[in-house]
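Participant: Right, I'll just put the structure down here and ask away after.
Each value in this text was obtained by applying a stated rule to the coordinates, not by laboratory testing. Predicted model only: the values in this text are computed from it and were never measured. Here the Cβ positions follow ideal geometry from the backbone for every residue, glycine too, while neighbour counts run over all protein chains shown.
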Amino acid sequence: MIAAVDETHDPALQSWVESANDPATDFPIQNLPFGRFRRADDMDWRIGVAIGDQVLDLRRARLLETYDMNRLMRLLPEVRQALRLAISQGLRRDSPQESVFRDALVPQSRVRMGLPCEIGDYTDFYTGIHHATTVGKLFRPDNPLLPNYKWVPIGYHGRASTINASPNTFKRPLGQRMPPGATQPTLAPSARLDYELEVGLIIGRPNPQGEPIRMKDAEDHLFGVVLLNDWSARDIQAWEYQPLGPFLSKNFASTISPWIVTMEALAPFRRPFSRPEGDPQPLPYLDSPGNRERGAIDMGLEVWIQTSAMREAGHAGDRLSRSNFTDAYWTAAQLVAHHTVNGCSLSNGDLFGSGTLSGPMPEQAGSLLELTHGGVQPLRLSNGEMRSFLHDGDAIVLRGRCEQGGFRSIGFGECAGTVQPALDPGNL
Ligand code: MN
């Protein structure tokens, strides 16, 4: 079942945590995302809920016995809903639990956020049809979308070990590159390092091997949503991707935002799923009445860049593009149903990437590959710097926000990463 709107979404709710009542906050009382945090003196990760500029420690608030986020994520949807209601009630203005909860608050500025859970497997999809079309045109101008695209949710198995929480710094990858006109490849730092604006879906409840998850049950297996930057080395990718797809061009770093916004929190922002006129309808195993009515998620997305020159000048950065999760060709439930239709088992903590979410307009592209037309039309930034691909010191920040008239808007926090210089390939 897709979570329904209930009293926790009431836009009139206010919190005794005053910063949560600021209209600009990502974390009003209607959001209540889960993350793992540590204070300087903590041995273990603790489970917290973001409220305004604070974190509520769920164990200290006597709402949970465990520090194990993956266990929490495996709870049945009705138990998750009851926990959400208890958190909401305790944080409401005039709550009798205020004094207990107040002792369990820590300012976000005083904690370090980790990965929100132990990540299981990682699958990256390719649901951004505008991205797939634009990138396809770079290679096949007459036939950008391959014939399977509108039938199969395309994906590949990625790698979970190099997924990091924001803020993430990582070295520019080394790899084999075959520059145009060269007769043999060389090992060198990627010269075409790019970001990908994606939404990450976190699986809460596993399924046994051999038992596909039906569309009607798919959302019971989803715990929530994060922002995902699937950093990509386009030159390494171009040389390695045939015939088995992306490999080392994609697994040197992936960054996710530290707060999981739950499927329950997203209830007011669900939208109908439909196909454009003339496109094939999904096969029956990828279709359900609930998916048609509310399968999509209206989630506004933004990409920002801050170069090292901007940082030194105190410049907050430039927005590179905006798009929306509704630009995806397949819904979250369809990805779950398709991934398991062959009997594949999903694990608690698995991460699905949506694929790069570009809007229909060129300026809504979710990667530099698209914004610069394969690197041939560099972008001019507001301080005069030019970018075809990322330079060392560049920081990319993804943001997300859900808005709907009659409801409180909620946000996702930041998904930030900074590129550091590569190792010297001569030392390998
Ligand atoms: Mn990707």
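Participant: Please identify the GluC sites (Glu not before Pro) of segment 325-428 that satisfy two criteria: DSSP loop assignment and at most 14 other Cβ atoms within 10 Å. Which are they?
Facilitator: Sparse-neighbourhood loop GluC sites (Glu not before Pro): E403.
Participant: Can you list the HN-Hα couplings for segment 145-151, worked out from phi with the Karplus curve (6.51, -1.76, 1.60; θ = phi - 60°), rounded to whole Hz and with x for Gly and Pro?
Facilitator: Whole-Hz 3J(HN,Hα) from phi for segment 145-151: 9, 6, x, 7, 4, 7, 10.
Participant: Hey, what do the phi angles of segment 203-213 turn into as Karplus ³J(HN,Hα) couplings, whole Hz, using 6.51/-1.76/1.60 and θ = phi - 60°, x for Gly and Pro?
Facilitator: 7, x, 9, x, 10, x, 4, x, 10, x, 8
Participant: Moving to a separate point now. Return the Rg/Rh ratio of the chain with Cα-based radii and a Kirkwood Rh.
Facilitator: 0.97
Participant: Further, regarding this structure: Please work out the Cα center distance from segment 1-40 to segment 332-387, rounded to the nearest Å.
Facilitator: Taking the Cα centre of segment 332-387 as reference, the centre of segment 1-40 is 27 Å away.
Participant: Would you order S109, S288 from fewest to most other beta-carbon atoms within 10 Å of each residue's own beta-carbon?
Facilitator: Fewest-to-most Cβ neighbours within 10 Å comes out as S109, S288.
Participant: Around S166, with a cut-off of 12 angstrom between Cβ atoms, what is the net charge of the other residues, counting Lys and Arg +1 and Asp and Glu -1?
Facilitator: Net local charge, S166 excluded: +1.
Participant: On to the next question. Given the -39500 (n - 2.57) contribution per DSSP H run of 4+ residues, what per-residue ellipticity at 222 nm results for the chain, rounded to the nearest 500 deg cm²/dmol?
Facilitator: Helix-only estimate at 222 nm: -4000 deg cm²/dmol.
Participant: With equal scatterers on the alpha carbons only and no solvent term, can you work out the Debye log10 of I(q)/I(0) for segment 280-364 at 0.22 1/Å?
Facilitator: Taking Cα atoms of segment 280-364 as identical point scatterers yields -1.11.
Participant: Can you tell me which of 390-397, 59-66 comes out highest on packing, and rank the rest after it, using the mean Cβ neighbours within 10 Å?
Facilitator: The packing order, highest mean first, is 390-397, 59-66.
Participant: Starting from one equal scatterer on each C-alpha and no solvent at all, send me the Debye-based log10 I(q)/I(0) for segment 68-154 at q = 0.18, 0.26 Å⁻¹, two decimals.
Facilitator: -0.94, -1.24
Participant: Hey, another quick one. Once both labels are modelled 7 Å past Cα along the beta-carbon direction, what's the R71-M386 spacing in nm?
Facilitator: Label-label distance for R71 and M386, simple model: 5.8 nm.
Participant: Starting from the eigenvalues of the Cα gyration tensor, five times each then square-rooted, give me the equivalent ellipsoid semi-axes of segment 23-86, largest first, whole Å.
Facilitator: Result for segment 23-86: semi-axes of 18, 18, 9 Å.
Participant: Could you tell me what % of all Cα pairs in segment 201-302 have separations over 22 Å?
Facilitator: Considering segment 201-302, 53 percent of its Cα-Cα pairs are separated by more than 22 Å.
Participant: Next question, about the same structure. Mind checking which lysines have their Cα closer than 24 Å to the Cα of K216? Skip sequence neighbours fewer than 8 apart in that chain.
Facilitator: Straight-distance partners of K216: K150.
Participant: What does the net charge come to around S288 if you take all other residues with beta carbon closer than 12 Å to its beta carbon, with K and R at +1 and D and E at -1?
Facilitator: Combined, the nearby Lys, Arg, Asp and Glu give 0.
Participant: Hey, what angle do you get for helix 77-91 against the long axis of the chain, alpha-carbon based, 0 to 90 degrees rounded to 10?
Facilitator: Helix 77-91 sits at roughly 70 degrees to that axis.
Participant: Regarding segment 287-428, what are the three Cα extents along the principal axes, ordered largest first, in Å?
Facilitator: Projected onto the principal axes, the Cα atoms of segment 287-428 cover 51, 48, 28 Å.
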